[in-house]
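To start, the structure under review is shown below, and the notes come after it.
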Amino acid sequence: MADNARNQLDILPHQRDETTVGNYFVSNYPPFSQWSTQGVGDALGQLECKASAATPLGLYLHIPFCRKRCHFCYFRVYTDKNKDDIRQYLDAMIKEVSLLAAKPFVSKRRLKFIYFGGGTPSYLSAMQLEYLVAGLQKALPWDDVKEVTFECEPGTLNEGKLAAIRSLGVTRLSLGVENFDDHVLRTNNRAHESKEIYRAYEWAQSAGFPQVNIDLIAGMVGETDENWQKCIDETINLKPDAVTIYQMEIPYNTTVFQQMQGNHVEVAPVADWPTKRRWVSDAFDSLEASGYAIASAYTAIRYPENTEFVYRDALWNGADMLGVGVSSFGYLAGVHYQNQAHMAPYVSAIEDKSFPIYRALRTTREEQLIRQFVLKLKLGQIDAGEFINKFGVNVIDRWRDVLKTYENEEMIEIKGGQIKLTRNGLLQVDRLLYGFFLPQHRGIRYT
Ligand code: SF4
């Protein structure tokens, strides 16, 4: 294969059936590779401006500690930090929130949603969490917060810690189960074992969280049809409020990719995309048969009428979000930013009382429209009227050709101003989203 052709395929892993290296999942727009150090002044400038009172404000907190690094992980995580390092990091996060709270963009605004992500937020002890939350609340009150989400690794939990997490105000607990089989968990270097899942789940139920979510990954190394079916059955037996299923992707900075390079192979040792889609489809069918509703390309919910995803919906509708902690992403009235990706420069910037932002991008109104459109398409249905009201653009006319192509491929249906993904389209929505990107953003590496 010519180098050029191979590069194109490497760049677009989502266009092939085999799982090759690269990002598939679209979490933001424009792609991160477009954000730059030249944009940092725009993010800092935005913090000096007053924000619109109508725009909700959220807080994302990155806790970058894990017991082990999973072979498929591409996040900034540390597995070697001691108590003092962690205390220094928590202090830095609290100071970062204080610096933000003093800026005109944030001052006097009320937080609507908070997300503890990572990494593993549940790696922190109950005392460390209480210390962190007390410091954060002093800097920026949580009185009006509607949802606090907290990601957990089952093996880091105990009954007392879960009770403490609940009493800190967490409303939505996201349990990173990923798989129920010990062999698959070990093969992927996951830190927990299956028995820890059941224990943690029971404690989470007794702690009384309004919403407990189970996360699964379809297509971990070693996954089989038989085992995947067991994962679905075990999940349904537990009756969580929501189930999130991601299809395994192999980004560049993962151990799996390093191993592929070492072995000089182009195709990852995981199921191909049609198989992963079939597995998610089987899971969705079983969940629906058990009373769940499919609420997005990744999520099934048990009580649709009572379940809200405040963080997701606010973010996808263009809410402002303060990204706090090492490598965190934030969004300030159309300006994307990301913090320093390593601990030392992050902490030292905060100690110098400056913002640890290392890359940013001011988006155009057109890019904001595309961002909202592609993110909301993940819900499975879009009302064109919403975009006419907000952006003055009829998205059905704007993307007539690409929508026609997807309609002919039976990925979408368009009726009465509604764009609706078919089940087949929903299962591969991230692959389809690239078709709505501006031409200059279509063929580039996503990270
Ligand atoms: S638990 Fe999550 S953040 Fe930590 S190493 Fe595994 S995938 Fe990465």
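Coordinate-derived values only; no laboratory data. Remember, it's a predicted structure, so these values are computed and weren't measured experimentally. So basically every Cβ, Gly included, is an ideal-geometry build from the backbone, and we count neighbours across all protein chains shown.
Condition first: touching a helix residue (DSSP H, G or I) at 6+ places or on another chain (Cβ under 6 Å), of a type in the set (Phe, Trp, Tyr) and more than 10 Å from the ligand (Cβ to nearest atom). Now tell me which residues in the range 43-80 satisfy that.
none
Out of all the residues in the range 101-118, which are under 23 Å from ASP144 (Cα atoms) and either among the charged types (D, E, K, R) or within 15 Å of the ligand (Cβ to nearest atom) (or both)?
LYS103, LYS108, ARG109, ARG110, LYS112, TYR115, PHE116, GLY117
Being more than 18 Å from the chain's Cα centre (by Cα) and farther than 24 Å from MET343 by Cα is the filter here; which residues of the range 17-44 pass it?
Within the range 17-44, ASP17, GLU18, THR19, THR20, VAL21 qualify.
Looking at the range 377-436, what helices (runs of 4 or more DSSP H) fall wholly within it and have at least 3 residues that are surrounded by 16 or more Cβ atoms within 10 Å (Cβ to Cβ)?
So the answer is 384-391, 395-398, 423-427, 429-433.
When you scan the range 25-35, do you find a residue that is without any contact (Cβ under 8 Å) to a residue 24 or more places away in the chain and not small (Gly, Ala, Ser), even just one?
Checked the range 25-35: no residue is without any contact (Cβ under 8 Å) to a residue 24 or more places away in the chain and not small (Gly, Ala, Ser).
Could you tell me whether the range 81-100 includes any residue that is within 16 Å of the ligand (Cβ to nearest atom) and in a loop (DSSP other than H, G, I, E, B)?
yes
Here is a list of conditions, (1) touching a residue at least 60 places away in the same chain (Cβ under 8 Å); (2) touching an Asp or Glu at 6+ places or on another chain (Cβ under 9 Å), and ASP241 meets all of them except one; can you say which number that is?
Checking ASP241 against (1) touching a residue at least 60 places away in the same chain (Cβ under 8 Å); (2) touching an Asp or Glu at 6+ places or on another chain (Cβ under 9 Å), the one that fails is (2).
Determine which single condition ASN253 fails, assuming it passes every other condition in (1) surrounded by fewer than 19 Cβ atoms within 10 Å (Cβ to Cβ); (2) part of a helix (DSSP H, G or I).
Status for ASN253: all satisfied but (2).
Quick one: LEU124 ticks every box in (1) over 21 Å from the mean Cα position of the chain (by Cα); (2) within 16 Å of the ligand (Cβ to nearest atom); (3) not aromatic (Phe, Trp, Tyr) bar one, so which box is it?
Looking at each condition in turn, LEU124 falls short on (1).
Out of curiosity, is GLY291 under 22 Å from the mean Cα position of the chain (by Cα), surrounded by fewer than 21 Cβ atoms within 10 Å (Cβ to Cβ), in a loop (DSSP other than H, G, I, E, B) and on the phi > 0 side of the Ramachandran plot?
no
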